[in-house]
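Below is one structure, written out as structure tokens; the observations come after it.
The values are calculated or read from the model by the stated rules, or taken from the named source; none is laboratory data. Everything numeric in this text was worked out from a predicted model, so none of it was measured. Don't worry about glycine lacking a Cβ; one is built from the backbone with ideal geometry, like all the others, and counts go over all protein chains shown. To get the accessible areas, we keep the full protein, side chains included, count just its heavy atoms, and leave off ligands, DNA and RNA. Shrake-Rupley method; radii C 1.70, N 1.55, O 1.52, S 1.80 Å.
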Number of protein chains: 4
Amino acid sequence: MFRPFKLKAPYFEIGPKVYMYGDEALDLAIHADALCRKFDVEIIFTAQYTDISRIAHATTHLKVFAQHMDANPVGRGVGAVLPEAVKQAGAVGVLLNHVEKPLGLSVLNETIRRADDVGLATLVCAATVEESTAVAMLRPNMVLAESPALIGGGKRSEDDALEVARINAAVQAVGNDILVLHGAGISDEHDVYQIIRSGANGTGSTSAIMRSADPKGMLSRMIEAMSRAYRERTTD
Amino acid sequence: MFRPFKLKAPYFEIGPKVYMYGDEALDLAIHADALCRKFDVEIIFTAQYTDISRIAHATTHLKVFAQHMDANPVGRGVGAVLPEAVKQAGAVGVLLNHVEKPLGLSVLNETIRRADDVGLATLVCAATVEESTAVAMLRPNMVLAESPALIGGGKRSEDDALEVARINAAVQAVGNDILVLHGAGISDEHDVYQIIRSGANGTGSTSAIMRSADPKGMLSRMIEAMSRAYRERTTD
Amino acid sequence: MFRPFKLKAPYFEIGPKVYMYGDEALDLAIHADALCRKFDVEIIFTAQYTDISRIAHATTHLKVFAQHMDANPVGRGVGAVLPEAVKQAGAVGVLLNHVEKPLGLSVLNETIRRADDVGLATLVCAATVEESTAVAMLRPNMVLAESPALIGGGKRSEDDALEVARINAAVQAVGNDILVLHGAGISDEHDVYQIIRSGANGTGSTSAIMRSADPKGMLSRMIEAMSRAYRERTTD
Amino acid sequence: MFRPFKLKAPYFEIGPKVYMYGDEALDLAIHADALCRKFDVEIIFTAQYTDISRIAHATTHLKVFAQHMDANPVGRGVGAVLPEAVKQAGAVGVLLNHVEKPLGLSVLNETIRRADDVGLATLVCAATVEESTAVAMLRPNMVLAESPALIGGGKRSEDDALEVARINAAVQAVGNDILVLHGAGISDEHDVYQIIRSGANGTGSTSAIMRSADPKGMLSRMIEAMSRAYRERTTD
């Protein structure tokens, strides 16, 4: 855990993966930055490595994250993503262990420690409650829990609330300062609304935004829904 | 092979690996760019992904390459390096299959095809003569041959000349438009001089530059030596 | 290439992958062994590592291959498949670089050299004509070409003949002692018949046999078809 | 955790890696089997895949483990080590996540679940206390902790006792039925004696046995030392 990193609920992660890059990613990032200010929320934008510096320089509130980095120390390692380079380019954190970029347990541990040392926040993916607690043992800043039980949706807000509470409790039993994002097939603003009402302090989305005919519009609706759901929940 | 990519002998590859990044890498790249003009030579600079756009925008003659990229199409692939993103950031080529980032044969083939399609030159590493010819079968723009027989040096210019000629002949028997760089433990300007005199049209260096107390000075001496050796050899 | 390894056309590779293992694999292997004698053909059986010794001891004509092995020398390497262990268990060869177990170019080269030294034949997969020639440069005993152009079938024996000839010629231009197996969505005995008539000296199948309600019956029909097609072709 | 698997303290793991295989491994395994009976201790022998069936059939008390296996279901996966095949060959467990065969967190979780389903005990490596607890969250049968703090030795039995106790407590806080082996540069019978006296219920060794001029003699001395140390400790 990189302690100086702070994130105030509610928070949202936009994951462009390799769907969006360059000018188009920059444009969406600038839009997201405006949404941070408008709704007083936090947004993490996990950019392509090549886009980090441009996006970091063009935004003020957005938390720019890398999609991965390596644990290599300065030195050898052609093709590796150096933590110091990610940091100097303007990122404030890094996503690790996504199902599309899985890391060995020891490597994950080392990479979190490298992030702590370099000064980058860590957002670490986990597929199940067991994995979420195992990840929490390694003390990242945040766990991105993608519980299969949450994927699917429908009119099942009560089950969702139980599942969200179960994951939050499990992670916080290990470390009560570890934040949890609940990502789970969030396909539109209604899913965002529901999961935040179900008790999640944060969520995120990739394909629903990236494949939308109007990514900026979809993102605006999701952020508005998150803000509203969180306000309603905390003032209930 | 991305046909529009042209490279005039002599040429040199600077490989910062994860030794150098950010402002320091930018500074060395700008210096290298000036050397291109001063000595009328070509220099490839294989930058960290995060540095590509800054270096590409700050230089005019330098060929900025990525240290690796993935074959992923636009879409899924958290943490992958998208060819289109590398291209749009300003790179003109990509290094592939370095011993520190080895690629499976099929993946290597796919990645070269992706580079051809996106418009990026390919510089593909090979450790032996057999691997150089196998790589040549996949039709990259350039092979970076690091023959064990060339590593070591000493007063063995005659052997070197045979080895360089042997590799050049083997690659060109497969494709006579494929360029060959001979990298082989190039530790100073004398090694650069010798290998170019031995028949290489291009060479490169990483650690001798990166670990030097004065990287720009070392690079200047190497480029001057390359230029001089090439001129002497071609006017003999 | 492990020179002492000989294979007389026609030849067939049965690839159990992880479909079949233990007693059931042993039973199929014993059946295949009888087919070798009955039809005077060669059959390669790429067994699970754990089954190699039992199958090797229970058969006389079958060529037992491992599905993969590592290049590790004797020593460190928990979980690695040691060439010497594969050899001593009774295997006579090894399959390498299958699309489900891809190898880096350098590792592939090293592993073929290890096989040569230990005394194991090498059967190396390649997905395209270019890959087949690249693989041939590394001098294995055999290339297992799975050309996309051959997959699909239908009434296209003329095209098949061209494609088979094209791959054979490309590989043999690199090394005329390298054997070629043409595997390509072989789904029944008719596919076997057609590809052998089209000029292939060898072929193979996995899923059509493994998923058959009667694997031994399917194998018998395929081997009979191979034998017949080869006899007809060579006596035409 | 595969519950039917039972292991009574003290226990010892012999890891032949790829040092020893075939007849020589079988010979050592038979010797180890006799030591189990003579000293009334448990010995795990992590064999090469190719040796599992022979060793399992030739021994009665030895716990034969695979050095790794894959999570693949029956079906595709050339070169993969199928859990069912490992089981049917006679193994009773599997070593996972050794530093020389690291597994991604999710894959590790899946593989432990596959072992549970197929009926194989799991012995999972961890390099630090944090990793040990993370691994324990995934509920294997045993954790093989190789704490850097234990490596080295010398006259530091008091520190060792603290470190062993610390790891045991951390793992058992997560699951009090999870066994812990403490492996840590065990180079001879004195190291075995010391670590068992320090509170470990189990330990193990690879290179000290494998590189010994007399592996069977070294193993005998280690097992005798383990038995004596455990008896002394538990009767103090």
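Give me the helices (runs of 4 or more DSSP H) completely within segment A:173-236, filtered to those with at least 2 residues that are open to solvent by less than 10 Å² (accessible area, probe 1.4 Å), ordered by residue number.
Fully inside segment A:173-236 and qualifying: A:189-197, A:215-235.
Given the conditions (1) of a type in the set (A, V, I, L, M); (2) out of contact with any His (no Cβ under 7 Å at 6 or more places or on another chain); (3) part of a helix (DSSP H, G or I); (4) away from chain A (no Cβ under 14 Å), and given that D:VAL164 satisfies all but one, which numbered condition is not satisfied?
Only one criterion in (1) of a type in the set (A, V, I, L, M); (2) out of contact with any His (no Cβ under 7 Å at 6 or more places or on another chain); (3) part of a helix (DSSP H, G or I); (4) away from chain A (no Cβ under 14 Å) is unmet by D:VAL164, namely (2).
Which one of these does C:MET137 not meet: (1) more than 14 Å from chain D (Cβ to nearest Cβ); (2) under 18 Å from the mean Cα position of the chain (by Cα); (3) of a type in the set (A, V, I, L, M)?
(2)
Can you tell which of C:THR234, C:THR203 is more than 30 Å from C:GLU110 (Cα to Cα) and of a type in the set (S, T, N, Q)?
Exactly one of C:THR234, C:THR203 is more than 30 Å from C:GLU110 (Cα to Cα) and of a type in the set (S, T, N, Q), namely C:THR234.
For D:ILE30, only one of the following conditions fails: (1) more than 24 Å from D:PRO4 (Cα to Cα); (2) more than 7 Å from every other protein chain (Cβ to nearest Cβ); (3) open to solvent by less than 10 Å² (accessible area, probe 1.4 Å). What is its number?
Failed condition: (3).
Give segment C:120-140 a look and list any residue that's open to solvent by less than 10 Å² (accessible area, probe 1.4 Å), touching a residue at least 40 places away in the same chain (Cβ under 8 Å) and over 21 Å from C:ALA91 (Cα atoms), or say none.
C:SER132, C:ALA136
Take segment D:6-39 and flag every residue that is aliphatic (A, V, I, L, M) and touching a residue at least 40 places away in the same chain (Cβ under 8 Å).
Of everything in segment D:6-39, those that are aliphatic (A, V, I, L, M) and touching a residue at least 40 places away in the same chain (Cβ under 8 Å) turn out to be D:LEU7, D:ALA9, D:ILE14, D:MET20, D:LEU28, D:ALA32, D:LEU35.
For segment A:6-27, which residues satisfy the criterion of being over 20 Å from B:LYS87 (Cα atoms) and either open to solvent by 30 Å² or more (accessible area, probe 1.4 Å) or part of a helix (DSSP H, G or I) (or both)?
A:LYS6, A:LYS8
I'd like the full set of residues that are among the hydrophobic types (A, V, I, L, M, F, W, C) and at pLDDT below 95, limited to segment B:129-144.
B:VAL129
For C:ALA32, which of the numbered conditions (1) of a type in the set (A, V, I, L, M); (2) at pLDDT below 95; (3) farther than 30 Å from B:LEU108 by Cα fails to hold?
Going through the list (1) of a type in the set (A, V, I, L, M); (2) at pLDDT below 95; (3) farther than 30 Å from B:LEU108 by Cα, C:ALA32 breaks only (2).
Being assigned to a strand (DSSP E or B), open to solvent by less than 20 Å² (accessible area, probe 1.4 Å) and out of contact with any Gly (no Cβ under 8 Å at 6 or more places or on another chain) is true for just one of C:VAL86, C:VAL94, C:VAL64. Which residue is that?
Exactly one of C:VAL86, C:VAL94, C:VAL64 is assigned to a strand (DSSP E or B), open to solvent by less than 20 Å² (accessible area, probe 1.4 Å) and out of contact with any Gly (no Cβ under 8 Å at 6 or more places or on another chain), namely C:VAL94.
Only one of D:HIS190, D:HIS182 is touching a Ser or Thr at 6+ places or on another chain (Cβ under 7 Å) and modelled with pLDDT of 85 or more. Can you tell me which?
D:HIS182
Right, D:ASN109: at pLDDT 90 or above, within 13 Å of chain A (Cβ to nearest Cβ), under 26 Å from A:LEU108 (Cα atoms) and open to solvent by 10 Å² or more (accessible area, probe 1.4 Å) or not?
Yes; evaluated as a whole, the condition is true for this residue.
Residue-by-condition table, conditions (1) without any contact (Cβ under 8 Å) to a residue 60 or more places away in the chain; (2) out of contact with any helix residue (DSSP H, G or I) (no Cβ under 8 Å at 6 or more places or on another chain); (3) closer than 30 Å to B:MET137 by Cα; (4) crowded, with 20+ Cβ neighbours inside 10 Å:
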residue: B:PRO4; (1), (2), (3), (4): no, yes, yes, no
residue: B:VAL41; (1), (2), (3), (4): no, no, yes, yes
residue: B:TYR49; (1), (2), (3), (4): yes, no, yes, yes
residue: B:ARG54; (1), (2), (3), (4): yes, no, no, yes
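Only one of D:THR60, D:THR50, D:THR46 is among the polar types (S, T, N, Q) and within 22 Å of D:ASN201 (Cβ to Cβ); which?
It is D:THR46.
Need the failing condition index for D:LYS38 against (1) farther than 18 Å from D:GLY204 by Cβ; (2) assigned to a loop (DSSP other than H, G, I, E, B), just the number.
(2)
For segment A:33-51, which residues satisfy the criterion of being under 22 Å from A:ALA9 (Cα atoms) and within 14 Å of chain B (Cβ to nearest Cβ)?
A:ILE44, A:PHE45, A:THR46, A:ALA47
Please find, within segment D:67-81, the residue that is nearest to the other protein chains (Cβ to nearest Cβ) out of those that are in contact with a Ser or Thr (Cβ under 8 Å, 6 or more places away or on another chain) and surrounded by 23 or more Cβ atoms within 10 Å (Cβ to Cβ).
The extreme case among them is D:GLN67.
B:GLY217 versus (1) more than 30 Å from B:ARG139 (Cβ to Cβ); (2) touching a residue at least 12 places away in the same chain (Cβ under 8 Å): which is the lone unmet condition?
(2)
Would you mind finding the one in A:ALA173, A:ALA89 that is within 14 Å of chain B (Cβ to nearest Cβ), over 30 Å from D:GLU100 (Cβ atoms) and of a type in the set (A, V, I, L, M, F, W, C)?
A:ALA89
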